[in-house]
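Here's the structure, in structure tokens; my notes come after.
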Amino acid sequence: MTLSFHVAAPAAHPTGVAVQGFVDEVAEKTNGKVTIEPYFSGSLLPDTEDLKGVETGVADMGVIFATRHPEELPVVNWFTGMQSLRSSATPHGFLQGSAALQHTFTTSEAIREEAEGHNLVLLGGHNSATNVGMICNKAITSAADAQGVRARVGGPVWSAEAVSMGFAPVTLPSGGVYEALQRGVIDCNMADPTTVAALGLWEVAKYYHPVDASAAASTLVAVNKDTWDSLPAQVHEIMETAMVNYVGRALTAGLDGYKAFAKGAEDQGVTIVDARPLNEVLHKHQQNHVEKELIESAPSAVTDPEAFIAEWRSTLEKAMDVAVENVGTEPADESQSPEEILEGYSKGADKVDLPRFLTALGTLK
């Protein structure tokens, strides 16, 4: 049996690396009886059709970006709005986010029911970055500097965050960002360090701002339910185990990406801008968003938004305990200088005990 797997990311991206590892593991554990063919760089489905494509079986499986589908996936998109509660420290934030997201995506009844409503079985999600920073063609050191500066964003959460800092948000397909920066159509792009390097954005924009824009929680790995139901229980178990390892591969690739960014930034002539003044404004917006706006805007499927948010805070606390135990130190605070942030990027990957972390994934209750 051969299954198709839609992936918008290229094979070298952390998502692509994780998918290839998943594919190889399933083939090995089933002795080749179940093979999965990954279609990288959106070669099977356009980015905007990832949800419908897996739902209808055009692809048997896929990595789905929920932020492209706010109306169809209101619960996951609402959940994305509370990711500012995660730590931006490297590597602690990677571990915390990975553990907390996988736990929530596989235990939340509201998220499970939303997936089932689209004929999907959700295997989980992954985390290959912490906060979403910003690469620009000039240094922006205050909200006043940001006025009128055009910043490409990846969805409503980041659009609101960009506005709070003074930027003018722009919606643009990811494939067009390089040229848009190069031609001056946009001035900035919200992206984590791994994505900046993977897309070559630092070739055309030389100022990276480590703002604490919300980390992503919209990268879902799902299987068409009809396909899932056609597979034996043993294959279900193999895929579920492979998904845990997928989380680990994405985490490792993300940390390696940050390390490569730290190493390559100087060669590329990239300046790490002090984003603390921007973060002061951003953090106020994020606090109000979580404590007020999210509660008021909860979708009908979330019957008790306060309880949902409280549960997420509790899960993050437990996940941070896992991270601290793994790394052996407390996370850095939010007042780090650009030099300290870059050092965290450089050394974070070397501080993580991955096998120990994957074992601990199942301890969040």
Notebook entry, point to check: So T315 clears everything in (1) farther than 21 Å from V196 by Cβ; (2) in contact (Cβ under 8 Å) with a residue 12 or more places away in the chain; (3) open to solvent by 90 Å² or more (accessible area, probe 1.4 Å) except one condition, right? Which one?
Noted result: (3)
Notebook entry, point to check: Before we move on, is T35 of a type in the set (V, I, T), open to solvent by 10 Å² or more (accessible area, probe 1.4 Å), touching a Ser or Thr at 6+ places or on another chain (Cβ under 6 Å) and more than 21 Å from A191 (Cβ to Cβ)?
Noted result: yes
Checklist line | Odd one out for E179 among (1) assigned to a helix (DSSP H, G or I); (2) open to solvent by 30 Å² or more (accessible area, probe 1.4 Å); (3) closer than 19 Å to H285 by Cα | finding: (3)
Check: Tell me, which helices (runs of 4 or more DSSP H) wholly within segment 1-113 include 2 or more residues that are more than 17 Å from the chain's Cα centre (by Cα)?
Finding: 14-29, 50-56
Notebook entry, point to check: Any idea which of (1) buried (at least 24 other Cβ atoms within 10 Å of the Cβ); (2) out of contact with any Gly (no Cβ under 7 Å at 6 or more places or on another chain); (3) closer than 30 Å to R183 by Cα is the one T130 doesn't satisfy?
Noted result: (2)
Notebook entry, point to check: Residues S214, S218: which one is touching a helix residue (DSSP H, G or I) at 6+ places or on another chain (Cβ under 7 Å) and crowded, with 24+ Cβ neighbours inside 10 Å?
Noted result: S214
Checklist line | V221 vs. criteria under 18 Å from the mean Cα position of the chain (by Cα), modelled with pLDDT of 95 or more and under 25 Å from E266 (Cα atoms) | finding: no
Item checked: Count of segment 224-246 residues which are in contact (Cβ under 8 Å) with a residue 12 or more places away in the chain, under 15 Å from V23 (Cα atoms) and of a type outside the set (V, I, T) -> 6
Next item on the list: Could you check, for segment 140-160, whether at least one of its residues is aliphatic (A, V, I, L, M), open to solvent by 20 Å² or more (accessible area, probe 1.4 Å) and either at positive phi or not in a helix (DSSP H, G or I) (or both)?
Entry: no
Checklist line | Residue in segment 221-244 that is nearest to S88 (Cα to Cα), counting only those that are open to solvent by 50 Å² or more (accessible area, probe 1.4 Å) and not acidic (D, E) | finding: T241
Next item on the list: Check off (1) over 21 Å from V132 (Cβ atoms); (2) in contact (Cβ under 8 Å) with a residue 24 or more places away in the chain; (3) over 22 Å from the mean Cα position of the chain (by Cα); (4) in a loop (DSSP other than H, G, I, E, B) for P299 and give me the number that stays unchecked.
Entry: (3)
Check: For the subset of segment 189-205 comprising residues that are among the hydrophobic types (A, V, I, L, M, F, W, C) and either in a loop (DSSP other than H, G, I, E, B) or in contact with a Lys or Arg (Cβ under 7 Å, 6 or more places away or on another chain) (or both), which member is modelled with the lowest pLDDT?
Finding: L199
Note to self: Which count do you get for residues in segment 114-131 that are in a loop (DSSP other than H, G, I, E, B) and modelled with pLDDT of 95 or more?
What the structure shows: 3
Next item on the list: Could you list, in sequence order, all residues of segment 313-365 that are part of a loop (DSSP other than H, G, I, E, B) and of a type outside the set (D, E)?
Entry: G328, T329, P331, A332, S335, Q336, S337, V352, L364, K365
Margin query: For segment 166-176, give me each residue that is closer than 28 Å to L251 by Cβ and either of a type in the set (S, T, N, Q) or modelled with pLDDT of 95 or more (or both).
Written below: S174
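The values are calculated or read from the model by the stated rules, or taken from the named source; none is laboratory data. On a predicted model such as this, the values are computed, not experimentally measured, just so you know. Note that each Cβ is placed from the backbone with ideal geometry, even for glycine, and that neighbours are counted across all protein chains shown. In case anyone asks, the SASA skips ligands and DNA or RNA and just uses the protein heavy atoms, side chains included. Shrake-Rupley method; radii C 1.70, N 1.55, O 1.52, S 1.80 Å.
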